[in-house]
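What follows is a set of notes on a single structure, which appears directly below.
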Amino acid sequence: MDKKVRLLFITPVGFNFVTGGGVTFRNLFKGWPIDQIAVVHADELEQDEEICNKYFKISQREQKKFYQFFRKKNKISKNNTTQISSKIKDHKLLRKFKDILFGDSIPQSFSFSKELKFFIEDFNPTIIYTILGSNFFMSMVDHIHHKYKLPLTIHFMDDWQSCIYKKGIFSLFERRKMKYLLKKIINKANVCLAISEQMKIEYSHRYKREFLAFQNCIDIENLKINTLSFTKKNNDKFTFTYTGSILPFAQFYSLIDITKAIKGLRNEGYNIICEIYTPLLISVYYINKLRLIDSSIKIHDAITDDNQFFEVLNNSSGLLLPVNFDNYTKNFIRYSMPTKVPSYLISNTPIIAYGPKDVAQIKYATENEWAYVVSKRSIGELKNTILRLLHDNMYNKKIVKNAKKTFYQFHHAKNVRDEFQKVLRDSVSINRA
């Protein structure tokens, strides 16, 4: 690698071990010289010090908001317990009022603090890589790019720009600002990347310029993954596994359908359980809702050890890939590709993909036939599909074989990571020419 390629990553989500974005970035940037990468982020999760050891955490110094009085925490003394309940009630009412009044469109402005300037100039980057995000993050990218005149690569993870800034009294203003900043940044970017082939095609048409597609990849050489021919799992007990976040605008409601289907089959005498591995602190409300459905729903914290993760996938009877059917979800993640997909594909375990047929991950599964696909919302159809997976060993072998073929073609780190990093390096070389 060219030693002069010093990458500044500007992102809401850094190199964490838990979220889809954090894991994807870790896999794509693995092997990039640690002294040649720095991150400006707003991530609350622990960051990977082996990928990068130069982090700048965004604070109120850089993120000025006119509504800070709404965000002040109530100071409740331990000796003043009689007022706790009323203060909490008042705080909730204030938050509810704020949500109704401002929605998702509270104006934000970026302030270029001296601390951030020192961090950037001390690192002396030669390229900016970013996934953009809110108007605040786009303003920050725009300011930093304008000041330092560096080559810019932008990478879209989902179609957030089709969904945000539609509620609240400032929504019209913030949405106009978003469109202005988005167009400005895309026009001056040296390289534009998408997270899936479907997004690449749509965005190339939408924004009238070339996009390349890069998504999560896995380096399997040092992992204990059962990649031999498919063998039927334990016939006495069937375990269906879901891994990843649980979010109302992504997969929560379809995951409810699946767990209800499993509950129905258990009531018919089938020994089936559902194991869910998700970041517990992120999805507490939705986890509690799922637990109420049936005692067979077992929920665990996200697995951060790769070998343990693949052991869970390998030992499962089936893996679950749910997507909500509502219009908001479809608009938001229509072109997205979940981080878990490559892991599922190489796991040697059959997959059930449940979601609308026009969403990228469901379309991907259908076109390459690497999963049982249920593209109509129906608990009855889910029950039939689960039963087929339990009994149709020939088709299980077929979709597992197709899944592994798809993995090696599109998700093997040996190919994807090298090409991704080459695109970034080449953008610096072209800019210098």
(request) Output the qualifying pairs, or none if there are none: Cβ atoms under 9 angstrom, residues six or more apart or on different chains, first residue in region 117-140 and free of Cβ contacts under 8 Å to residues at least 24 places away in the same chain, second residue in a helix (DSSP H, G or I). (result) 117/147; 121/148
(request) Just give me the residues in region 299-341 being under 23 Å from residue 383 (Cβ atoms) and free of Cβ contacts under 8 Å to residues at least 40 places away in the same chain, in sequence order. (result) 299
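On the given criteria, is residue 287 surrounded by 12 or more Cβ atoms within 10 Å (Cβ to Cβ) and either within 20 Å of the chain's Cα centre (by Cα) or in a loop (DSSP other than H, G, I, E, B) (or both)?
yes
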(message) Looking at region 336-356 only, could you name the residues that are over 21 Å from residue 309 (Cα atoms) and modelled with pLDDT under 95?
(response) 336
(message) When you check residue 344 against the structure, is it touching a residue at least 60 places away in the same chain (Cβ under 8 Å) and among the aromatic types (Phe, Trp, Tyr), yes or no?
(response) no
(message) Quick check on this structure: which one of 317, 343, 347 is within 17 Å of the chain's Cα centre (by Cα) and of a type in the set (Gly, Ala, Ser)?
(response) 343
(request) Within region 405-425, count every residue that is modelled with pLDDT under 95 and either among the polar types (S, T, N, Q) or over 25 Å from the mean Cα position of the chain (by Cα) (or both). (result) 2
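Residue by residue through region 27-53, note down the ones that are out of contact with any strand residue (DSSP E or B) (no Cβ under 8 Å at 6 or more places or on another chain) and either among the small types (Gly, Ala, Ser) or free of Cβ contacts under 8 Å to residues at least 60 places away in the same chain (or both).
Correct list: 31, 33, 34, 35, 44, 49, 50, 53.
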(request) Could you figure out which of (1) in a helix (DSSP H, G or I); (2) over 26 Å from residue 202 (Cβ atoms); (3) in the same structural domain as residue 278 (by TED's automatic domain parsing) isn't true of residue 425? (result) (3)
(request) Output the number of residues of region 310-327 satisfying the condition of being over 17 Å from residue 338 (Cα atoms) and in a loop (DSSP other than H, G, I, E, B). (result) 4
(message) Given the condition touching a helix residue (DSSP H, G or I) at 6+ places or on another chain (Cβ under 9 Å), among the acidic types (Asp, Glu) and modelled with pLDDT under 95, answer yes or no: does some residue in region 111-126 qualify?
(response) no
(message) I'd like to verify a number: residues in region 183-212 that are of a type in the set (A, V, I, L, M, F, W, C) and under 10 Å from residue 156 (Cβ atoms), how many?
(response) 7
(request) For residue 395, indicate whether it is in contact with a Gly (Cβ under 9 Å, 6 or more places away or on another chain) and farther than 23 Å from residue 195 by Cβ. (result) no
(message) Condition first: among the basic types (Lys, Arg), under 19 Å from residue 384 (Cβ atoms) and touching a residue at least 40 places away in the same chain (Cβ under 8 Å). Can you find one or more residues in region 266-287 that meet it?
(response) no
(message) Given the options 307, 331, name the one that is under 30 Å from residue 221 (Cβ atoms), outside the structural domain of residue 211 (by TED's automatic domain parsing) and outside any loop (DSSP other than H, G, I, E, B).
(response) 307
(request) Keeping to region 377-404, report how many residues are within 24 Å of the chain's Cα centre (by Cα) and among the charged types (D, E, K, R). (result) 2
(message) Given the criteria assigned by TED's automatic domain parsing to the domain that holds residue 256, hydrophobic (A, V, I, L, M, F, W, C), closer than 30 Å to residue 415 by Cα and modelled with pLDDT of 95 or more, does residue 386 qualify?
(response) no
(request) Search region 399-413 for residues that are part of a helix (DSSP H, G or I) and pair each with any residue that is among the acidic types (Asp, Glu) and surrounded by fewer than 20 Cβ atoms within 10 Å (Cβ to Cβ) when their beta-carbon atoms are under 7 Å apart and the residues are at least 6 apart or on different chains. (result) 399/369; 402/369; 413/219
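The values are calculated or read from the model by the stated rules, or taken from the named source; none is laboratory data. Note that the coordinates shown come from a computational prediction; the quantities given were computed from them, not determined experimentally. No Cβ is skipped: glycine too gets one built from the backbone with ideal geometry, and neighbour counts run over all protein chains shown.
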